[in-house]
Structures are given as C-alpha cells and as structure tokens.
1. List the relative contact order of chain B as a percent without decimals, with contacts defined as Cα pairs under 8 Å and 6+ residues apart.
2. How do the peptides B:405-411, A:157-163, B:418-424 rank, highest first, by the average count of neighbouring beta carbon atoms within 10 Å per residue?
3. Take the alpha carbon atoms of segment B:455-472, find their center, do the same for segment B:1-64, and report the distance between the two centers in whole angstrom.
4. Contact order normalised by length for segment B:6-236, with contacts defined as Cα pairs under 8 Å and 6 or more residues apart; what percent is it?
5. Quick one: angle between helix A:98-124 and the longest Cα principal axis of chain A, in degrees between 0 and 90, rounded to 10, please.
6. Under 25 Å Cα-Cα from residue A:155, which lysines qualify once same-chain neighbours fewer than 8 residues away are excluded?
7. Of the listed peptides A:273-282, B:382-391, what is their order by residue-averaged count of other C-beta atoms within 10 Å, with the highest listed first?
8. Need the list of aspartates and glutamates near residue B:135 for cross-linking: C-alpha distance under 12 angstrom, and skip anything on the same chain fewer than eight residues off.
Amino acid sequence: MFDFLITFIPRAVGQGIPLLFGSTGEIVTEKSGNLNLGIPGVMYVGGICGVIGAFAYEQSGNVNGFLAICIPLLCSLIGSLLMGLLYCFLTVTLRANQNVTGLAMTTFGVGIGNFFGGSLIKLSGADVPSIALTKTSAYFSRSLPFAAKMGWFGKVFLSYGFLAYLAVIIAILASYILKRTRPGLHLRAVGESPATADAAGINVIKYKYVATCLGCMIAGLGGLYYVMDYASGVWSNDAFGDRGWLAIALVIFTIWRPNVSIFSSILFGGLYILYMYLPTGMEHMEVKELYKMIPYVVTLIVLVVTSMRNKRENQPPLSLGLPYFREER
Amino acid sequence: MTDKNVAVSVKNLSKSFGNVKANKNVNMEIYKGEILALLGENGSGKTTLMNMLSGLYYPDSGQIFIDGKEASIQSPRDAYTYGIGMVHQHFKLVDVLTAAENITLGEEGKLNIKKATAKIKEICDKYGFEVDPQKKIFNMSVSEKQTVEIVKVLYRGADILILDEPTAVLTPQETEKLFVVLKNMKADGKAVIIITHKLNEVEEISDRVAVLRAGEYIGDMITAETNAQEMTNMMVGHQVTLNIERPEPKEPKPRIIVEGLTVKDIDGITKLEDVSFIARSGEILGIAGISGCGQKELLESIAGLQHVESGSVKYVNDDGSVEELIGMNPQDIAEKGVALSFVPEDRLGMGLVGNMDIADNMMLRSFRNNGSLFTDKKTPHDLAETIVDKLEVSTPSIETPVRQLSGGNVQKVLVGREISNAPSVLMTAYAVRGLDINSSYTIYDLINEQKKKGTAVIFVGEDLDVLLQISDRILVLCDGQVSGIVEGKKADKNTIGLMMTRLEGGMTNE
C-alpha cells in the first residue's frame, strides 16, 4: 500500500497541477464577476504559445537553461494575456454575453492550439503526429537536486518541476490577497456588487480587466506545465483534453477558495488517473472506460451538493456573469 | 437668514437619457447646517440630480460649485473628495462582507480593520448610532443596513449628506431614531438633503423644501411657513385634494375566512403562524407589519400560490355556500367562480410581463376564456384602451412595452386589469410603493370605488398614516403572527408601531 501511494501521489500531483493553475485563475476571474468559460481555450493557448516559443528556441541551436525556461514562459504568458484582453474587451467594454463569449473563446483557443500544433508537427517533419521538445522540457521538469537522496519524502514532495511549486505558491498568494488585503477586498466587492463598489469609488472596469487578465495568465501556465513538464515536451493535438472544464468544476468544488484548491486539484488529478490503477483483468477492459468517468461523476455529485448547501458565504459572487454599466436605468 | 453658508450650489444643470430630459437647467443652493427636503413626483428628476452630485451620473451641461469653487465630479471618488456622500434608495452594500469592511470599502492604503473599527465606534458615539462592525450585512435588518450606509458616508468624511427615501422601509420608531441622528448632524454643521414622498416627515424634519417638477426646479419654501397642501400643489402643478375618503361599509358580510394559517418557507422557517381573521365584503382590511414578516405569504396563500402547512382559507359565496381555497391553484380558484384579484408587490415580476405591451398584458388574464385555438386579441385591446383612457395612464401607445412606463403608470395598468373583471375579493400589496402623491391618490380612489361596490379589499401597506386613513380595520402582523386587529378609526400610529415590533404590545378588539 505504501509503495502504491509513493508511485500514485506524484502522478496525481502531476495531473493536479494544471487543474490547480486553471482553477486558481478562474477563481480570481470569477471574484471580479466575470464567468470566464473560455478557460479551457486559454489553457490550450497558454500551452501552444509555450510550445511555439520552445520550438523556435530549439531551432536556434544552443540551448541555455535560463532562456529555455524564460522564452516559453514569456510566450505562454503573452498568449494567455491576449486571450484575457480579448475576453475583457468583449464582455467588460462591449458588455457582450459572458457565457457566449467564453464558450466561443474555448472553441477558438482549442482551434488555435490544434492549428499551430499541426503546423509545427508538419514543420518538424516527424513521422508521429506529435512534436517533442525534449531539450527545453528537461529544464522545466528538472526537480530539486537532492530529491533523489531523500527517499520516499523526496519522491512525494520534492520530485516536481518548478512550475508545480509555483502553482502552489500562486494559489496560497491568491487566497491571502483575496482575504487579507485591500485590493482583495475591493475585488470581492466588485464581483458581489459592482454598483456598490463603484459608489465607493473603486474603479470597477480596472479591477475586472486586471483580475480577468491575471486569471487567464495563471490558467495559461496550466497549459504550459502540462506540455513542458507533465508531457515531457511532447505536444500532440487534443492531448490536453477536457482538463480545462475540470478546472472550472473545481472552482465550485472549492467554493471559490484557491487554498482549498491545492488539495482538491490533487484529489481530482488522482481521480483522473485512478482507472489505470484499479485492477480489471484482461477480459473486462470495458470496465476501465467506466472508471474514467469517476472525476465527472464526482463533479456532478459536487454540483448537486453545493447547490443544496445554502450558507450565504459559500455562494458564488452575486453579480457573476452580469455586465455592469454605471448609468443604466 | 443672512448667516447661511452655501455648501453646494448648482447652476443650469441638465441631464438627458436618450430622448428623456431628466433634468433641465436646474439652479439650486444647499446650505450648511440645514436639512433640505427635495420633493417631486416620480420621474421628476430628484434622484438624477442627486446622482450627479454623488458622481454616478455626469451632467450634460451646467456647473456645480462646492464651497464657492467650481467642481467637476466625474466619479463617486471625486464626490467623496468634495465631501459629498449619498445613501441610495437601494442600499449599496456588499452582503457577504462585514459592516466594517463595507464602511472602509474604496479607501486607499493598507487594510487595517482594527483601526477602522475604532474610527467607526467614534462616529457612532458622536451621532448616536448603533452598529456592530463585525456583523455581516446579510444578517442585518433593514434599519441596521441603513445605519451602516450612513456611517459609511460619514466615515469617508462627508459634509454634504444625501439620503434618497431613507424612511421608506423603516418603522415609525426607527424613523424617529434616524431623525434624531439627522438633527445631530445638522447641529454639527453638515448639509443634509433628504428625498421623501412622505409630507408629514418633511414637515417634521426639514428646514427648507425644494421642489422639482418634470426635471425643472420649481422653487423652494421655508418648511415652517408652508403646509402639505401647498407643497403638493407645487409638486403636481395644480390643485389636488389630499383626503382619503373612508365610506361606511355597506352591510358587511364575511367573504374570506382564514383560520389557523401556518406557512413555512423552503428552508423550513415559519413565515406565518396560526393566523386567523375574517375579511368582509364592502370593507377594507388593512394589513400592517414590518416588511417581510408574512404579508407576502398571507396574500399568496389566499391566491393559491403558496404551499400551506396547515389551516384553512374559506371563501363565502353570496348565497352563503362556502369554498375551501387551500389546495387549489389560481386556475382552479377562477374556475370555481371565485373572482379573486391580486395586485402583487412585485409588479413587473408577478403582475405584468415587462416586455409585453399593455394589450397583451390584459390578455394574460383572459386568454383562456375563448375556446378556439386562436387567441382573441380584440377584447384585451379594447380593455387596454379603456384603462389607459379612464385611469389616465400616460403612455405613448397601447403597443408600448409596460417596462418602459413609469412606476405609477405600471401600477395603474395592473390595478386596472385586476379590477376589470369585477372582483369580489381584491388583494393589494404595497399598492403605492414608489408612487408619487398624485398617482397614489388615484390608486386609493380606485380601491375605495371597489369597496363601495361590495368587494372585500385586503390592503397591505407600509405607510401607517395611509393605512389608518383608508382601512376599516387593521390587522397587525409581527413576525408571522397576528399581533392584533384594531379599528381603523380608533387606532393611532404609535400603538400600531409597537404592535408591529412585539406581540405583547398588541390588544385585540375582536
């Protein structure tokens, strides 16, 4: 059992980190009253932009550790920032419907990922439908040097690339900012009641833009982590799958708390791969497919339970999904 | 009057929304150490004018001077720097935050709730407020929320305080408390502007009255030198009679008998407990109570819209036969031949469909009446024309979506439809909420007309003065229980106010 946990937990964490990035980003966004259903698309864009950066850098020849990390990271951040700006421009400035905009952006983001992914695969001339960026990826997945010497502790806690620790730090930081600082208080006020925040002299538009764009950049890192660390730099189209949607479901599961999300996303990550560890036997392979449903079934149950719970503090931000216009009558 | 210091002066201020001119060349002055009552009918531009002072709207043209210097107020933040604070009609508070968090909202610098709490305590002591800074807003009563709003404005250092209909939701006792606080502020040299429809409050609290009509500034008067009649005439622009008549009920017979009615909401909280009363024909039964203590549930139980835990609601026909209404839905009730009319509190939510025009809204009540596959559009259209004509609904046309009408006109359309089918029971909830004096009196007249026709009227109201004038009997609810039933003629405001807040305060006359 102990051995099982030592192999299982690191894999669950690996699965959980993209979800953690995604859900933290979405929580920050939703706290500003923007329901960004474009997060799955943003994560795709974050991933492919990182891949494009890494690909271009690897083509240039020499690979230096610092640049190998900085270039894809920067590309990914810029890509998801652009997505965030697009979403804000449509929903905050033009006051378009948030759900429609979000869904369109998901379709758009997945399309962009697959389009550029496909192009790069063609460019690299590989005979498999994927592209491997092993050189840069090695820097992303490099774990702490002394992890290997620490036995099971090292394996469970220290064996991850820097992005995994960054995810946890960002989640803790986001929780702290939301709960304890004035910008956090203002952001919550904007998401609950923009009219109140406006009357109190808070710049609602600015808060919505900044929170949504930051949220998108955080979520985009989830895509980057997935390709560069978890998948060891191998991009194949549609491989990221529906993790973006799970991240959005996690937001509800964690009742809008990034710190709770740290454990919940690892739990969801574990559920996501649980089917590989449940014994089925050769003649009943179809049962495995049923096991793959587990995270989605859990999400459904969670949705039922959370909507039954009626504590006022645990409700979504009151003005979530609604546009704000000061002079509306 | 020479030692008055001008706090704010407004010159030629105008603001339009699309084609509607909300304010036209308004000129007025507000003095320090004075309580100014701003009067006007619905849609006369009072709130728009105040919103321009508080930075929510930006004027199309005109100037604002604060302490003699021209000010450009482009946002609420600017308004705060000029020392203007506004308590809005619909509270601007974040429900899930605490009082202290709400009060400090929008401040710069590091978040320090402890320091803020100390400052809040100081303000409360100075003016006589009671606020628990750690309490969350959603746990608060309406009057507590209002106190937080006022403290918030003072905390930001406002010297000019604007209150938009602050007493609309308060009990008489809470209103008294508020007025004491306002007088303290006045003594402290602050300028206070209060918007209200209740003329008796204007007389009680204000030093000066300013009147707006159709977006224009009409003039001002010293409160002590005027009276309610003169103020109303100035507001409306012509002579209005301010008496609500109360004709003697003609041979009242029991019409609705409610016995032991108990209602619980979804969360299992008791909303009505063992409520019993009789509503008689040709009589107005007023229902008083703090908002949200069971009035809505009571009316909806009778109308067949509310799940009832126990008890009975009986309808007595003219021939003496009795129908039990509990367990029936509105359609069943109508099919039984019970002519029940209901003017709900939520006009555009439950009463009318906002995006449909007046004629189509008439159809909502009658579309089942003809048996054919196609709807009859002519009858509702005619009815709509009659109502617009008779009740003087001001609307561009019958095809105008009701959403675009002003509150008073929406209410006229709704009441007109409900009384058009000659009801034997008429229930109204807050029939004049948000309506100006002129529209209110039209509605009172309509209700009295029904009473004379022998309709049993159940009138849920919030303005005790009106309840006392119009009702033959008043049933007082307190926390879902009947705290007593009093004769309209013999009752006085204070007793009812007390009965609204505690059960023991009540006395039963029946």
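Since every read-out is calculated from the coordinates, none of them should be taken as a lab result. Because the structure is a prediction, the values reported are computed rather than measured. Because the Cβ atoms are built from the backbone with ideal geometry, glycine has one as well, and the counts that use them run over all protein chains shown.
1. 15 percent
2. Packing order, densest peptide first, comes out as B:405-411, A:157-163, B:418-424.
3. 34 Å
4. Once normalised by length, the contact order is 29 percent.
5. 30 degrees
6. A:135
7. Ranking the peptides A:273-282, B:382-391 by packing returns B:382-391, A:273-282.
8. Leaving aside aspartates and glutamates fewer than 8 places away in the same chain, those within reach of residue B:135 are B:95, B:101, B:144.
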